[in-house]
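A.B. asks: First the structure, then my questions, so here it is.
The values are calculated or read from the model by the stated rules, or taken from the named source; none is laboratory data. Keep in mind it's a predicted model, so treat the numbers as computed, not measured. Cβ placement follows ideal geometry from the backbone for every residue including glycine, while neighbour counts extend to all protein chains displayed. Only protein heavy atoms, including side chains, enter the accessible area calculation; ligands, DNA and RNA are left aside. Shrake-Rupley method; radii C 1.70, N 1.55, O 1.52, S 1.80 Å.
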Amino acid sequence: QVQLVESGGGSVLAGGSLRLSCLTSGYSGRYMGWFRQAPGKKREGIATISRVRGTTDYADSVKGRFIISRNNAANTLDLQMNSLKPEDSAMYYCAVGSLVGGWSVLDERVYEYWGQGTQVTVSS
């Protein structure tokens, strides 16, 4: 069965860094991505990468601070988060999917499988 398991979340001071990792099994989708959801807000796509080409896309809110990467042989997806801000605090989810409907790759409708999330808390 398809499984995605996130790790690496935790608490950090503003300006610090964290690296999240997602271990996947059971499915190889066209796209892989990271999403986040803070209390009272909708889930937001923040970074994606294509499995074959490795092309990346970032939300404006994290561009220049976060870097997404993948290791297809190891079935892992990583997110390096630098210069963290309190507004980055959220539950972070990894996802994989192949759905096409004219949506941006940052649109959650692209993705079929989701992890359970890992919490990131940034304090000032």
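A.B. asks: Of the residues that sit in the range 42-74 and are among the polar types (S, T, N, Q) and modelled with pLDDT of 95 or more, which one is nearest to residue 15 (Cα to Cα)?
C.D. replies: Here the residue is 61.
A.B. asks: Kindly list, by first and then second residue, each pair from a residue in the range 43-71 that is open to solvent by less than 10 Å² (accessible area, probe 1.4 Å) to a residue that is in a strand (DSSP E or B) and at pLDDT below 95, limited to pairs with Cβ atoms under 9 Å and residues at least 6 apart or on different chains.
C.D. replies: Sorted first by the residue in the range 43-71, then by its partner, the list stays empty.
A.B. asks: Any residue at all in the range 108-120 that's of a type outside the set (Lys, Arg), surrounded by fewer than 21 Cβ atoms within 10 Å (Cβ to Cβ) and either closer than 18 Å to residue 57 by Cα or free of Cβ contacts under 8 Å to residues at least 12 places away in the same chain (or both)?
C.D. replies: Yes; the residues of the range 108-120 include at least one that is of a type outside the set (Lys, Arg), surrounded by fewer than 21 Cβ atoms within 10 Å (Cβ to Cβ) and either closer than 18 Å to residue 57 by Cα or free of Cβ contacts under 8 Å to residues at least 12 places away in the same chain (or both).
A.B. asks: If you scan the range 18-75, which residues turn out to be closer than 10 Å to residue 96 by Cβ and aliphatic (A, V, I, L, M)?
C.D. replies: Once the filter is applied, which keeps residues that are closer than 10 Å to residue 96 by Cβ and aliphatic (A, V, I, L, M), the range 18-75 yields only 32.
A.B. asks: Could you say whether any residue in the range 74-95 is closer than 12 Å to residue 30 by Cα, under 13 Å from the mean Cα position of the chain (by Cα) and of a type outside the set (D, E, K, R)?
C.D. replies: Yes, the range 74-95 contains a residue that is closer than 12 Å to residue 30 by Cα, under 13 Å from the mean Cα position of the chain (by Cα) and of a type outside the set (D, E, K, R).
A.B. asks: Further question on the same structure: Can you pull out every residue in the range 1-17 that is under 18 Å from residue 123 (Cβ atoms), open to solvent by 30 Å² or more (accessible area, probe 1.4 Å) and of a type in the set (A, V, I, L, M, F, W, C)?
C.D. replies: Across the range 1-17, the qualifying residues are 13, 14.
A.B. asks: So which residues in the range 76-86 are within 16 Å of residue 34 (Cα to Cα) and open to solvent by 70 Å² or more (accessible area, probe 1.4 Å), if there are any at all?
C.D. replies: Scanning the range 76-86 gives no hits.
A.B. asks: How many residues does the range 35-75 hold that are of a type in the set (D, E, K, R), part of a loop (DSSP other than H, G, I, E, B) and either in contact with a helix residue (DSSP H, G or I) (Cβ under 7 Å, 6 or more places away or on another chain) or closer than 16 Å to residue 21 by Cα (or both)?
C.D. replies: 2
A.B. asks: So, in the range 76-100, of the ones that are among the small types (Gly, Ala, Ser) and part of a loop (DSSP other than H, G, I, E, B), which residue ends up modelled with the lowest pLDDT?
C.D. replies: 98
A.B. asks: Do you know which residues across the range 19-33 are under 13 Å from the mean Cα position of the chain (by Cα) and open to solvent by 30 Å² or more (accessible area, probe 1.4 Å)?
C.D. replies: Passing the criteria: 19, 21, 23, 31.
A.B. asks: Right, residue 101: free of Cβ contacts under 8 Å to residues at least 60 places away in the same chain and either over 14 Å from residue 62 (Cβ atoms) or of a type outside the set (Lys, Arg) (or both) or not?
C.D. replies: yes
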